[in-house]
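Here's the structure, in structure tokens; my notes come after.
The values are calculated or read from the model by the stated rules, or taken from the named source; none is laboratory data. What you see is a predicted model, and the numbers here were worked out from it, not measured in a lab. When we count neighbours, we look across all protein chains shown, and the Cβ atoms used for this are built from the backbone with ideal geometry, even at glycine. For accessibility, only protein heavy atoms count, side chains too; no ligands or nucleic acids. Shrake-Rupley method; radii C 1.70, N 1.55, O 1.52, S 1.80 Å.
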Amino acid sequence: MSAADIKTTKAQFADLIAEGELWLPYEKQTGAVVQLTDLEIYAPDELDWKHASGFGKLASYVVFHREYHPDFTPPYNVSIIRLDEGPFLLSTLVDLSGPHKIGMAVTAQFDASGRLVFSPATNT
Amino acid sequence: MARKSGTATSAIAGWGTSALSRAPGASIPQLARDAVLAAIADAGLECSDIDGLVLGQSDNLAEQELTIAFRHSLNLNTLGLLVIDQAKGTTMLQAIQHATMAINAGMVKNVVCVFSDTPIRQSTGAGEAFARPINIMNLPGWERGYGSFGAVAGYALAAAAFKAKYDLDDDCFGHYAIACRKWALLAPSAFMKKELTMEAYLASKYIVDPLRLFDCALPVNGAVAFVVTAADQSSNADHPPVYLQGFGQGHGRRSALSALVLEETSGAQYATDVALGMSGLAQSDIDICQLYDAFSFSGLMALEEFGFCKPGEAAGFVKAGQTSPGGQLPVNTGGGQLSGFYLQGATPLLEAVIQASGTAGKRQAERHDSVFVSNSGGCLEYHATAILSPHRVLQ
């Protein structure tokens, strides 16, 4: 197998997401969970992947009021989720019918377009 | 060269700007040339005295807009240093740091450092120039998928996490913006000329909640240049030189946003410790701060990360007027990037030089023996610092 055939760790994560699966990387050597922002530090054979619980906490939440692109009509939110396993993710919070604030428990799901999104844990 | 703590090896002998404008006009090299010539004249030097040129390049620019061929637009002799620096918001402090290192190494004597940018163009306003998705996750295309556009997205996410962490009120960023506006009213170079009340602040539209229009920097087209010389060189300028007493950098593993989320630290403290250690000073010795505050939140965060306020206390410090005219720690005395003008790292550096030299007119701070200046970029991931003083030797 040539070097070009080996998927990068970033591509491995992206492919899992594209299949509607949230998996998290762990250092093979220490078993420690790896931040998704740090994936490129690792070669593919240095990581193990484990299925994520899907549970986390809302770590930040902002609402766009300015239209930057026609695909996104304001107002819409962009959120940061700290997963219970440790890694954080930029995503969006769906199902805003109830109260929502930073620190609340959330759970992962995939929306109709295949994006990883989160909703308040109390509503699931 | 061994350096005794508190004895500067380099000075900023002159400084100057091109015309600054909120409308499209002159090109990047034209603006840079105007600023360079103004700075050389301000230093009491001729073009033929200059033997080093450091070009600070905005990351808004296509690469061919400012190249080392720029030197041909100036009547310069053989140069001993010619380089482009580009390190996001930290570019200009890095430029004067690199000039100082080249002087200390004996390569050069008189180095011009210039920054030029034109975020406002015929086809794009300033908002669009900064509206690309910024990298938060380090996963290709990830931010785009959630409509997370603009530098403002990353800063708003950090601001919201900061506000929640310390349970701050909705007007917490407004007090910072108002304090900067008070300084701007005293600064002829500032673009915002009207008093800012809390009512007007709270009535301004959200760009990305919790950040409003008045929480965001005011980009202009223009250039700023500085002449860096050896500290023991005599000056023919109309004003005294400003000495570089300390400088540092700190590029941490985490941006401010990821540091807030993961309860880790960014590189800001490291950059401060190096600069203070070099100068032999502590935060309590600093008379004035000139911070990179492209968003009001970054000014508050900077006061804490650089160690001028304890964690969670910057909002109260600013609200109590301590950073405003008459306060105990004047901050961003030209109005900063919110109310003065935004030319990335050149904005706080220029105001630091003006205050340290005692030439700030109506807004001159009474004590200006040591001025702290910061440059930050990449959602507060990259930091550079410097300490400027009118004294070559600190007592």
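Quick notes on this one:
- Taking the charge dipole of chain B about its Cα centre, with +1 at Lys and Arg Cβ atoms and -1 at Asp and Glu Cβ atoms, the residue from B:27, B:300, B:375 reaching farthest to the positive side is B:27.
- Between A and B, accessible area buried - total, square angstrom, nearest 100, 1.4 angstrom probe: 3000 Å²
- The protection proxy used here, the mean number of other Cβ atoms lying within 10 Å of each residue, ranks peptides B:19-28, B:385-394 as follows, highest first: B:385-394, B:19-28.
- Rounded to the nearest 10 degrees, the inclination of helix B:28-42 to the longest alpha-carbon principal axis of chain B is 60 degrees.
- Segment B:311-379: C-alpha gyration tensor shape, a/c 1.5 cut-off, then a/b vs b/c: oblate
- Angle of helix A:9-18 to the longest C-alpha principal axis of chain A, folded into 0 to 90 degrees and rounded to 10: 50°.
- Using Cβ point charges alone (K and R +1, D and E -1), the dipole size of the protein assembly as shown about the Cα centre works out to roughly 940 debye.
- At R0 = 30 Å, FRET efficiency that the Cβ-Cβ distance of residue B:198 and residue B:366 yields, to 0.05: 0.65
- Between residue B:86 and residue B:46, the FRET efficiency from the beta-carbon distance, with R0 = 30 Å, is close to 0.55.
- In this simple spin-label approximation, residue A:95 and residue B:61 carry label points 7 Å from Cα along the Cα→Cβ vector, and these lie 5.1 nm apart.
- With at most 15 neighbouring Cβ atoms within 10 Å, loop GluC sites (Glu not before Pro) (DSSP) excluded, longest segment of chain B: B:47-194
- Filtered trypsin sites (Lys or Arg not before Pro), segment A:49-124: DSSP coil and at most 12 other beta carbons within 10 Å: A:101
- Across the options A:8, A:81, A:102, the greatest Cα extent toward the positive end of the charge dipole of chain A (unit charges at beta carbon of Lys, Arg, Asp, Glu) belongs to A:102.
- FRET efficiency for residue B:73 and residue A:45, using Cβ-Cβ distance with R0 set to 60 Å, rounded to 0.05: 0.70
- Local electrostatic count at residue B:116 - Lys and Arg +1, Asp and Glu -1, tallied over other residues with Cβ under 10 Å: -2
- Measuring nothing but how far apart in sequence close Cα pairs (under 8 Å, 6+ apart) lie, relative to its length, chain B scores a relative contact order of 24 percent.
- Around the Cα centre of chain A, unit charges on the Cβ atoms of Lys, Arg, Asp and Glu (plus for the first two, minus for the last two) sum to a dipole of about 480 debye.
- Cα long-axis angle, helix B:346-356 against chain B (0 to 90 degrees, to the nearest 10): 70 degrees
- For segment A:1-71, the relative contact order is 30 percent, taking Cα pairs closer than 8 Å that sit 6 or more residues apart in sequence and dividing their mean separation by the residue count.
- Note on residue A:21 and residue B:234: the model spin-label points, each 7 Å out from Cα along the C-beta direction, lie 7.7 nm apart.
- Eigen-decomposition of the gyration tensor built on the alpha-carbon atoms of the protein assembly as shown gives equivalent ellipsoid semi-axes of 41, 26, 22 angstrom, largest listed first.
- Per DSSP, loop trypsin sites (Lys or Arg not before Pro) in segment B:281-390 with at most 15 further Cβ within 10 Å: B:367
- For segment A:3-51, the spread of Cα coordinates along the three principal axes comes to 27, 26, 16 Å, biggest extent given first.
- Projected label distance in nm at residue A:55 and residue B:132, using a 7 Å step from Cα toward the beta-carbon: 4.1 nm
- Percent of C-alpha pairs per 10 Å bin, segment B:259-374, short to long: 14, 48, 33, 4, 0
- Remark: the Cα gyration tensor places segment B:169-288 in the oblate category, a/c being 1.5 or greater and a/b not exceeding b/c.
- The loop-placed GluC sites (Glu not before Pro) in segment A:1-81, going by DSSP, that have at most 14 neighbouring Cβ atoms within 10 Å of their Cβ come out as A:19, A:21, A:67.
- Count Lys and Arg as plus one, Asp and Glu as minus one, and take only other residues whose Cβ is under 13 Å from that of residue B:92; the net charge is then -3.
- Highest-fluctuation residue, A:58, A:96, A:36 considered, GNM on chain A with Cα pairs under 10 Å: A:96
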